[in-house]
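Enquirer: Mind having a look at this structure? Questions to follow.
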Amino acid sequence: MATLSARSQRRSGRTIETAAIDGLRSALRGKLYQQSDGGYDQARTVWNAMIDRKPALIVQPMGVADIQAAVNFAREHNMLFAIKGGGHNIAGSAVCDDGLMLDLSSMRSVRIDPHAKVAHVEPGATLGDFDHEAQAFGLGTPVGINSTTGLAGLTLGGGFGWLSRRYGMTVDNLISADLVTADGAFVTCSDTQHPELFWAIRGGGGNFGVVTRFEFKLHAVGPMILAGLVVYPISEAASALKKYREFVKTLPHESNVWVVLRKAPPLPFLPPESHGSDVVVFAVFHNGDTNQGKKNLEPVRHFGAKVGEFIDSMPYTAWQKMFDPLLGPGARNYWKSHNIVTLTDELIDVLIRGTKAIPNDECDLFLGFIEGEPGKKNESATAYSHRKTAWAMNVHGRWRDAKQDDECIGWTRGLFKDAAPYAMKGVYVNFLTDDEKDRVQDAYGPSWNRLLEVKRKYDPSNLFCMNQNIDPNG
């Protein structure tokens, strides 16, 4: 008999017979791992090295039938159930202790219809998988900035990136989705089929089912774009950020400029003596005519006395991987995030003080600029409702040695607290850590009550609870 812990049994004291586990294995086209099996540790590992959980069972499905079998097994045996797409979620919700983990990494198909400008994407696909296929036809849609991020989790939380000012949030480009719901049923949702469920998955996270296929609208992107970095010393940061604040008010939506404050990495275009010094980095991007892009972005090069710069035409796929080395797996990560409407003088001062106190060369903070197309939609159009957000601010605590936990977590929390008076109440749900349960309702904002009703309809027993959870019991 295979005995599982109390948490995996959720609300039941039953154990699971070996025969039942063998029955699940025989029902799958994919793989089933137990803790003693080779490949188990690789399957349970997620991006954030602070997360070290051990499921009793891991299912790696090959298709919808396998997902249905896993969902039905978890429900019937009252097991804690976790879903891993790319495994990038900061809270580590992709993996659970003692329960059943659904690892979707074998389902990474991306099929592009270049004539209809539509993409059909399986739930284990990464942003790199998606960009690789879509860029073969010079197409794309707004996604994130790290190629190893899972597209499923990014989408279900809202999703934004370099293209969002022009084409909206990721969820604004979702046409339809197939799901397996808590009762094991297969459902297609769109504006005309199960419209309430379709509304809910566009920002409500993984609370409502396992998405087995996403259908996205595509746009002309690249394949060559204009992008790069302009780096200023921290001594220029106050002046540069105030100039940036005014500059973006008239910046066309096909262009974007994000801000990163950190210690200067050893980039080849920066002088060696600047490596490790405190800097403010303006990451510039333009999708369209190169000459127009240079004209749009030229003022960024004159915010002050630069440390260095690199701006050039490059493949969109290369730019999408540019920050991968700073966000690779294996590090300990702790984040805190705010939504920002106005980059006030007071907030700028807070950011600069926080940068000067950064504890190592891996921690940073960024301001992702998303003002533009996302704000044109009504806040009730999708479950993602933070349509007035101009910048998503994220404080990245990142380090290698567990002995630095207190220092790096303390820095992250301190900067977050100091910035709070200048932020909106809401927060981007994908940036919440596991210890921020008190902010979950703020993350869903005015969508909360409507999301609660959809949850009660499609998952009344809260099978899908390993997420920023909407508890159907209130």
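No lab work stands behind these numbers, since they all come straight from the coordinates. Keep in mind that what you see is a predicted model, and the values were worked out from it rather than measured. When we count neighbours, we look across all protein chains shown, and the Cβ atoms used for this are built from the backbone with ideal geometry, even at glycine.
Enquirer: For helix 345-356, report the angle its Cα long axis makes with the longest principal axis of the Cα atoms of the chain; keep it between 0 and 90° and round to the nearest 10°.
Expert: 80 degrees
Enquirer: Given H placed 1.01 Å from N in the peptide plane, which residues other than close sequence neighbours of Met101 have an amide H under 5 Å from its amide H?
Expert: Residues meeting the criterion, in which the H sits 1.01 Å from N, are Leu57, Ile58, Val59, Ala82.
Enquirer: For q = 0.16, 0.20, 0.21 Å⁻¹, what log10 I(q)/I(0) does the range 77-202 give under the Debye formula with an equal point scatterer on each alpha carbon and no solvent?
Expert: Computed log10 I(q)/I(0) values: -0.84, -1.28, -1.38.
Enquirer: Next question. Between helix 405-419 and the chain, what is the angle of the helix's C-alpha long axis to the longest principal axis, kept within 0 to 90° and rounded to the nearest 10?
Expert: 60 degrees
Enquirer: Based on DSSP, what percent of beta bridges with both residues in the chain are antiparallel, to the nearest 5? Provide the component values of the computation, followed by the final result.
Expert: Details: 71 of 78 bridges.
Here the share of antiparallel DSSP bridges comes out near 90 percent.
Enquirer: For the range 10-167, what is the convex hull volume of its Cα atoms per residue in Å³? Kindly include the intermediate steps, with their values, before the conclusion.
Expert: On the way: hull volume 20.1 nm³, N = 158.
Measuring per residue, one finds 127 Å³ for the Cα hull of the range 10-167.
Enquirer: Please sort 168-178, 302-312 by packing, taking for each peptide the average over its residues of neighbouring beta carbons within 10 angstrom, highest first.
Expert: 168-178, 302-312
Enquirer: Could you give the semi-axes, largest first, of the ellipsoid that matches the range 224-437, computed as the square roots of 5 times the alpha carbon gyration tensor eigenvalues and rounded to whole Å? The partial results should precede the final answer.
Expert: On the way: eigenvalues 126, 105, 58 Å².
Three semi-axes, in Å: 25, 23, 17.
Enquirer: Sticking with this structure for a sec: Any of Lys321/Lys437; Lys356/Lys403; Lys306/Lys388 with alpha carbons more than 26 Å apart? Name them for me. Walk me through the numbers before you get to the answer.
Expert: Working: Lys321/Lys437 32 Å; Lys356/Lys403 21 Å; Lys306/Lys388 32 Å.
The pairs that break the limit, which is 26 Å between Cα atoms, are Lys321/Lys437; Lys306/Lys388.
Enquirer: Moving on. Give the Kirkwood hydrodynamic radius (Å, one decimal) of the range 18-103, defined as one over the mean of 1/r across all pairs of different Cα atoms.
Expert: Working: mean 1/r = 0.0784 Å⁻¹.
By the Kirkwood definition, the hydrodynamic radius is 12.8 Å.
Enquirer: Continuing with this model, one more query. What does the convex hull of the Cα atoms come to per residue for the chain, in Å³?
Expert: Values: hull volume 65.4 nm³, N = 474.
Once divided by residue count, the hull of the chain is 138 Å³.
Enquirer: If the only charges are +1 at each Lys and Arg Cβ and -1 at each Asp and Glu Cβ, what is the size of the charge dipole of the range 224-437 around the Cα centre, to the nearest 20 debye? Could you put the intermediate results ahead of the total?
Expert: Details: 26 positive and 27 negative charges, 80 e Å.
Charge dipole of the range 224-437: 380 debye, to the nearest 20.
Enquirer: Of Lys217/Lys457; Lys54/Lys263; Lys336/Lys377; Lys243/Lys263; Lys84/Lys117; Lys217/Lys263, which pairs sit farther than 30 Å apart, going by alpha carbon to alpha carbon? Intermediate values should be presented prior to the final figure.
Expert: Values: Lys217/Lys457 28 Å; Lys54/Lys263 35 Å; Lys336/Lys377 26 Å; Lys243/Lys263 21 Å; Lys84/Lys117 28 Å; Lys217/Lys263 38 Å.
Too far apart for the 30 Å limit: Lys54/Lys263; Lys217/Lys263.
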